[in-house]
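I have placed the structure first, in the form of structure tokens, so that the comments after it can refer back to it.
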Amino acid sequence: MNSVRSTTHWVGVLLTVTLVTWLGSIQHSVAAESGEQVFQSRCTACHTIGKGKLVGPDLKGVISRRDEGWLIRQIKEPDSLIAENDPIAMQLVKEANGMPMVQLGLTDAEVAAVISYLKSIDQQESVATSFPSRYLPTVIVTIMLLIGITLIGLRAGRKKVDVR
């Protein structure tokens, strides 16, 4: 009886960890999709991701090149960075022939979603997989559940046999 409780406990723990992992990946995916919508509607007039410079710089790999705090400020309040003579912001203005980034008036949630989208693009670039990365959380959850079911089967299959 104690063995069954122990198995049930560990299966519960495994299912909880699996659920938390899965929900976390869904939340990140939703934020990235929302960020893609914001990017497409508000940013593509001046920026591309991997297709070269337009008015503003190509943002491919920007997550690895710039500090996240700086990116948040640059997206939310580019005029403040210019007013502070931030060297990176000043260089970007120079490269854009003196044209500073437009104040877009994005909310904190929209800025966070755009950052999440840029991170997801970076992750897609850095991870070469044979299946779409959207399936990765599902594969992880499936593997964890199979391990849990196997453990239950092994526990339940142990019974004492009297040999006479």
**Item:** Any hit, segment 128-146, residues being touching a helix residue (DSSP H, G or I) at 6+ places or on another chain (Cβ under 7 Å), surrounded by 13 or more Cβ atoms within 10 Å (Cβ to Cβ) and either modelled with pLDDT of 90 or more or of a type in the set (Asp, Glu) (or both)
**Value:** no
**Request:** Give segment 102-123 a look and list any residue that's among the small types (Gly, Ala, Ser) and either within 14 Å of residue 134 (Cα to Cα) or outside any helix (DSSP H, G or I) (or both), or say none.
**Result:** 105, 120
**Request:** Could you run through segment 1-55 and say how many residues are under 16 Å from the mean Cα position of the chain (by Cα) and modelled with pLDDT under 70?
**Result:** 12
**Asked** Which residue out of 87, 100 is in contact with a helix residue (DSSP H, G or I) (Cβ under 8 Å, 6 or more places away or on another chain) and either over 17 Å from residue 35 (Cβ atoms) or without any contact (Cβ under 8 Å) to a residue 12 or more places away in the chain (or both)?
**Response** 100
**Fill in**
A careful count of residues in segment 89-101 that are in a loop (DSSP other than H, G, I, E, B) and either of a type in the set (Phe, Trp, Tyr) or surrounded by 14 or more Cβ atoms within 10 Å (Cβ to Cβ) (or both) gives 3
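The values are calculated or read from the model by the stated rules, or taken from the named source; none is laboratory data. Keep in mind that this is a model prediction, so the values were computed, not measured. As a convention, Cβ positions derive from the backbone with ideal geometry for all residues, glycine included, and neighbour counts pool all protein chains shown.
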